[in-house]
Every structure is written in C-alpha cells, then in structure tokens.
1. Of all residues in the range 270-325, count the ones that are part of a strand (DSSP E or B) and in contact (Cβ under 8 Å) with a residue 24 or more places away in the chain.
2. Go over the candidates Tyr300, Tyr294 one by one and state the one that is within 23 Å of Gly232 (Cβ to Cβ) and aromatic (Phe, Trp, Tyr).
3. Residues being more than 17 Å from Lys237 (Cα to Cα) and in a loop (DSSP other than H, G, I, E, B): count how many of those fall in the range 326-341.
4. Return the residues of the range 12-26 that are at pLDDT 75 or above, loosely packed, with under 14 Cβ neighbours inside 10 Å, within 36 Å of the chain's Cα centre (by Cα) and within 23 Å of Leu44 (Cα to Cα); say none if nothing qualifies.
5. Based on this model, can you work out whether Ala249 counts as surrounded by fewer than 19 Cβ atoms within 10 Å (Cβ to Cβ), closer than 24 Å to Ala223 by Cα, free of Cβ contacts under 8 Å to residues at least 12 places away in the same chain and of a type in the set (A, V, I, L, M)?
6. How many of the residues in the range 120-137 are modelled with pLDDT under 85 and surrounded by 17 or more Cβ atoms within 10 Å (Cβ to Cβ)?
7. It is to be established whether one or more residues within the range 67-86 are modelled with pLDDT under 80, among the β-branched types (Val, Ile, Thr) and surrounded by 13 or more Cβ atoms within 10 Å (Cβ to Cβ).
8. Test Ser148 against the criterion of being over 16 Å from Val109 (Cβ atoms), at pLDDT 75 or above, more than 17 Å from the chain's Cα centre (by Cα) and small (Gly, Ala, Ser), and give yes or no.
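The values are calculated or read from the model by the stated rules, or taken from the named source; none is laboratory data. Values in this document were obtained by computation on a predicted structure and should not be read as measured data. No Cβ is skipped: glycine too gets one built from the backbone with ideal geometry, and neighbour counts run over all protein chains shown.
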Amino acid sequence: TGIIERQSDIDMFRFPWRGGPFTVSAEAIPLMGQDNDYASSVGLDMHLYDSSGVLIASDLAADPADVDVELSLDLPGGEYFIGLEGHGDYDDLGAYTLSLPLPSPNAPVITGALLDPIEEVNGYDVYVFAVADADTLPGDLIVQLTDSRFAVTGDGAGGFRVHRKSTHEFDYETQQDYEFDLIVSDGVEEDHVNISFALVDINDEPYELWIEEKGLTPGVNDAPGDDPDGDGCPNVKEFAVDGDPLSGADDGKRRLRFVEVEGARRLALTLPVRAGAVFSGSPDLSAMVDGITYTIQGSYDLTDWAVPVAEVTPADRESLPAVAAGWEYRTFILNSDPGSRRVFVRALFESDP
C-alpha cells in the first residue's frame, strides 16, 4: 500500500525476478479512513525499469476514472524497479495497493542416472545424481530414501550417490529386486525419483561371475589354481583365454602361425584376452585387467625370453571360433628379424592377489 500525496510524488519499489512470465498491477483504494470517509480516485501511471534505470514498459491511466494499471510480460531474470506516480491531474492523489509477485523459490530438481552395472565401489553405488535449480546449498538439502538399507553421500561439489549401507549385504538368494524412492527437499518444495534395480546388475568380480556361469563349486574347484578337468590348464588360464574349465578338449581359440607384416613373415600368436586390456612394456608386453595379468614374451632358444614382442592390429582372427562376451582376440609377434634362427612366442597368465 502506498499514497500519492503530491503531484511530484514517485514511489519506487525494487524487486528481484528469476525470469519468466511476470504480472504486476496497482489500483486505487476508493475509500479509506476509520469510517471510510476518505475517497481516492488517483489515476496511476506505472513504469517498469531495469537495474540500470532503463525504462522497459509503462501503463498509463487514461483518465482519473482509470484507477487500475497493469503490466504483463515475459521478464528475464534480474533486478528491477517499479515506479508509480499520479497521472498528472490535481485529482490524481490518494492511496493505492500494489500487487507485486514475490519470486517463488526454485523447486529442487533431481538429475541423475541408475548405474549399469551397479559398481561395487564404496559399498555398491546404485544411483548418482545432482540437484538442479535449487536455492538451497547442496549441504542444506533434505535428502531421504524410503529404504533404510541404503544411504546418500555427497561429494562436497554438488554431486550425490545412493549406495548400500555397510551394514547391509546383498542377498542373491532371498531378494533379487530392489525398489525405493529418493526424495530431495529444500524445506518448501521437493522432487522425487523411483530407483529400481535387480541384483543381476551388480558388478561382481568378473572371475566370480565366470566360475558361477561355468558351474564350478565354491570351495571345491573354483580357486584360480584348481584344474577341475585335469588338462593341465588351471582355472586362471581358462578364464584368461575364454576356456572351459570342465572340458579338456581343444576349443581351437588359440593359434600360432606365420603372418605377413610389412612385407616380412613373422610368427604370430593369436589368443582370446579379456576385453579392454592395454598392453605395454618392452621387451615383454603385459596387461592387467579383471584380476588377470597377461605377459607376452619372445625367444630364439626357449631359454632367454628377452626378444621384444609387439602387437599386430587387427588381430589375425580369420576362421577362429567366436569368443564369449567380455573377451576379444589379440595377435602378437616378435618385433625383430630372426634371420635363420628359430622363433618362439608364449603367453603367461597370473591371477592378481
């Protein structure tokens, strides 16, 4: 509420705006006083200014009877001023009310993603998210989960992760599916998402998944050094090269033959390797992936394994059987001209502690 007492009066109101549709209006108060014995017919002129005082829009009273003024427009976020003054006539004096929308707080908006596969890091991370458009600092947000077996941890930079509490272990046998709600509130408004996942999505160690898939018996024949089929190839090697630990038959997935490389014949070893392995080093090539360390070596005499080796791409996989998901063929050669000497290439496999 305000009063235009003199013709020279200009009432100014400062306000912030977050951006979007904006409407402001003012109207005369026709009767005032304890006994409504004071009449007002002030004709108002309304002006909207930006923070620098630049006029944006106006609504002018057409005559003293036009006691209401209104501005409605799409207004970018920022600081603004409303100016109200009498239209100019002597009668344009009196009281008025100004209806100015308060900037409503931005509601929190969860932006996140379910991890696939679920990662066994920091106690099984299930869902990662951030909260956008919130006026509240990340540390002051109210975060709730409808499943007490899970918790939310912030990274201090606006990111959050939903994860299993350390006191809860996933149980493959009794419960395979989980579903609960994540609720984030700034104390006024809230947003929520439903989180649903299956235990089969959990990223257990690849070797553990492999022994389960192959039907090995925990504590009986599933150790890396065990050899259930008695073929002299322990589980660690079977896993490394996409083998079958319960069959001693040759699966045909490893090959040693001469190939043409830059116009020269080179002895090449091709074998399955866990996908994503990055080989490096000299003279040996080695890679560590999924709990397995691969080492590729070369020799001229089966005694000194110090002849440099190199990888050939693409792999020499023509006519070889398909490998299972999670493995890929790789090809390695001696990286030197043997002349008339005999050449040897071998692969070693070691299970990481």
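1. 20
2. After applying the criteria, what remains is Tyr294.
3. Qualifying residue count for the region: 7.
4. Within the range 12-26, Pro21 is the sole residue that qualifies.
5. In short, yes.
6. 6
7. Looking through the range 67-86, at least one residue is modelled with pLDDT under 80, among the β-branched types (Val, Ile, Thr) and surrounded by 13 or more Cβ atoms within 10 Å (Cβ to Cβ).
8. yes
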